[in-house]
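See below for the structure under consideration.
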Amino acid sequence: MTTDVERPVSEETVRRALGEFQIPVDSQQVVLIQQYIRTLLRWNEKLNLTAIRDPLEILHRHFCESMFAAGAIPVDKGRLADIGSGPGFPGIPLKIIRPELELCLVESNIKKGTFLAEVVRELRLMNSRVLISRYEELGEEVAPLDFVCSRAVGEFGPFLEWAGSNRVQAHEVILWIGGRDLEEVQKIRNWEWREPILIPKSLQRYLLVGKNQEMSARRQNQ
């Protein structure tokens, strides 16, 4: 019997799912998505990287929701750090859809970091690196950043303080966030928040983008 690990998601299925999010992809990007899903399912049997086991749900929840940011914001090129990357979302899908991004995946768990390094190697993702570290301990290793993003931040206050610090110099922050946390985050100072963007096919999940006011002022004065 063929298992979910052995059975790839078809190209038609990938294109149809991404089409619902208005995300165009070429054939090579489809191949990378299929390969990534197979690798994730294979490693997930031992490491429990994601609670989602169904390949179609992985495609929608992890890939579509991650890649949606590339067109909604947009994220085209520059330096991007994915904080608390876990199994690589949203950073690796964003790299697949926007190959010109310079990607840094930050993950404190050694086993997850090992998985991320293997995915970067298997998919041959250029200008991509993995840092196994707590984000609070990083500074010049990642700075300066055009984008810093996360789907898995526990406490928004310390994270945003770190991202906006002179050590990191992040220009924009991108959060995948639940509706209950929106008001709390929008009250945090030093960030100019755009209107939240509802993620398609979701209930009360949003993209929230903030611009670092201090960094914006510096760039205007240069």
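If a residue must be farther than 20 Å from residue 69 by Cβ and touching a Leu at 6+ places or on another chain (Cβ under 9 Å), how many such residues does region 165-184 contain?
Final tally of qualifying residues: 2.
Please verify whether residue 96 is in a helix (DSSP H, G or I), of a type in the set (A, V, I, L, M) and in contact (Cβ under 8 Å) with a residue 60 or more places away in the chain, treating the condition exactly as stated.
When the stated conditions are applied, residue 96 passes them.
Identify the single condition in (1) within 29 Å of residue 39 (Cα to Cα); (2) over 17 Å from the mean Cα position of the chain (by Cα); (3) of a type outside the set (D, E, K, R) that residue 164 does not satisfy, given that it satisfies every other one.
All conditions pass for residue 164, except number (1).
Looking only at region 66-73, decide whether some residue is of a type in the set (A, V, I, L, M), surrounded by fewer than 22 Cβ atoms within 10 Å (Cβ to Cβ), over 24 Å from residue 21 (Cα atoms) and out of contact with any helix residue (DSSP H, G or I) (no Cβ under 8 Å at 6 or more places or on another chain).
no
Quick one: count up the residues across region 196-222 that are in a strand (DSSP E or B) and either among the basic types (Lys, Arg) or modelled with pLDDT under 90 (or both).
Going through region 196-222 one residue at a time, the tally reaches 2.
Could you say whether any residue in region 190-207 is more than 14 Å from residue 82 (Cα to Cα), in contact (Cβ under 8 Å) with a residue 40 or more places away in the chain and either of a type in the set (Ser, Thr, Tyr) or touching a Gly at 6+ places or on another chain (Cβ under 8 Å) (or both)?
yes
If the requirement is being surrounded by fewer than 14 Cβ atoms within 10 Å (Cβ to Cβ), under 19 Å from residue 80 (Cβ atoms) and among the aliphatic types (A, V, I, L, M), which of these qualifies: 170, 152, 143, 117?
That would be 152, the only listed residue that is surrounded by fewer than 14 Cβ atoms within 10 Å (Cβ to Cβ), under 19 Å from residue 80 (Cβ atoms) and among the aliphatic types (A, V, I, L, M).
Restricting the search to region 127-146, which residues are within 16 Å of the chain's Cα centre (by Cα) and polar (S, T, N, Q)?
127, 128
If the Cβ limit is 9 Å and pairs must be 6+ apart or interchain, which residue in region 145-168 that is on the phi > 0 side of the Ramachandran plot pairs with which residue that is aromatic (Phe, Trp, Tyr) and buried (at least 22 other Cβ atoms within 10 Å of the Cβ)?
none
Only one of these conditions is not met by residue 124: (1) surrounded by fewer than 20 Cβ atoms within 10 Å (Cβ to Cβ); (2) farther than 17 Å from residue 213 by Cβ; (3) in contact (Cβ under 8 Å) with a residue 60 or more places away in the chain. Which number is it?
That leaves (3) as the condition not met.
Of everything in region 29-73, what is part of a helix (DSSP H, G or I) and among the polar types (S, T, N, Q)? Give them in sequence order.
29, 34, 35, 39, 44, 66, listed by residue number.
The values are calculated or read from the model by the stated rules, or taken from the named source; none is laboratory data. Predicted model, so just to flag it, every value in this text is computed and none were measured. Using ideal geometry, Cβ is built from the backbone for each residue, glycine included, and neighbour counts are taken over all protein chains shown.
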